[in-house]
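Coordinate-derived values only; no laboratory data. As the structure is a computational prediction, the values presented were derived from the model and not from experiment. Because the Cβ atoms are built from the backbone with ideal geometry, glycine has one as well, and the counts that use them run over all protein chains shown.
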Amino acid sequence: MVEEKLLPWALAGVTLGEEVLEIGPGFGATTKVLAGTVPRLTAVEVDPASAALLDRELGDRATIVTGDATDLQFPDESFDAVVCFTMLHHVPSPAAQDRLFAEACRVLRPGGTFAGSDSRYSHRFRLLHLGDTMVVVDPDALPDRLRRAGFTDPTVSSAGGSYRFRARKTGLS
């Protein structure tokens with residue numbers, strides 16, 4: 001599903017480049033696919049146990065870092081692309097989501113792309129997240145939030161219960 005549907009749809013028309021950062025890989029379904037398609041992949045995961053498991057599974061195919069995406073420990077302009085898939089709703093507040101967007105912009109090189117996907121709100125989705133953090137990002141509000149974080153040309157499109165987004169960082173180093 002991830003390799004055949006999610007990533008091709010979420011990344012259609014997106015050039016990732018050489019150095020890619022994935023935010024919030026969780027158990028690594030997308031990370032395992034990305035690791036085979038990009039030259040250098042770094043993934044930052046907030047949960048130490050998940051990060052350790054991914055590190056063991058992926059070995060030298062990716063660099064796995066335990067960390068908080070709202071306070072990334074990478075230098076400015078470190079990556080050609082930043083991606084995240086089905087994880088934004090796990091960020092505990094809109095303010096924290098906005099810090100994540102700002103950090104993604106900060107670590108992205110000029111001309112780079114921030115892209116990903118997540119789920120739209122539904123009662124079924126809510127039931128899947130009982131007892132779990134679920135702060136769904138409104139896809140209609142996302143372009144303005146990405147602009148405030150420093151991105152240009154944000155686009156959001158929906159299909160079924162999901163949406164994908166992409167935005168660029170402009171400017172010179």
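Database remark: amide H of Arg40 closer than 5 angstrom to the amide H of Val20 (H placed geometrically; neighbours at sequence offset of 5 or more, or on other chains; Pro and chain starts carry no H). Taking the charge dipole of the chain about its Cα centre, with +1 at Lys and Arg Cβ atoms and -1 at Asp and Glu Cβ atoms, the residue from Gly150, His89, Ser162 reaching farthest to the positive side is Ser162.
The simple spin-label model puts a point 7 Å past each Cα toward its Cβ; for Thr15 and Gln73 those points are separated by 3.3 nm.
Between Asp47 and Lys5, the FRET efficiency estimated from the beta carbon spacing at R0 = 25 angstrom works out to 0.50.
Each residue of the range 65-82 was assigned a 3J(HN,Hα) from its phi angle through the Karplus expression (A = 6.51, B = -1.76, C = 1.60, θ = phi - 60°), giving 10, 7, x, 9, 5, 8, 8, 5, 9, 10, x, 3, 6, 8, 10, 7, 8, 10 Hz with x at Gly and Pro.
Volume per residue for the chain equals 110 cubic angstrom (convex hull of Cα atoms).
Taking other C-beta atoms within 10 Å as the exposure proxy, Ser117, Ser162, Ser157 rank Ser157, Ser162, Ser117 from fewest upward. Okay, helix-only estimate at 222 nm for the chain: each DSSP H run of n ≥ 4 adds -39500 (n - 2.57), divide by all residues, round to 500 deg cm²/dmol; what do you get? The per-residue figure over the chain is -7500 deg cm²/dmol.
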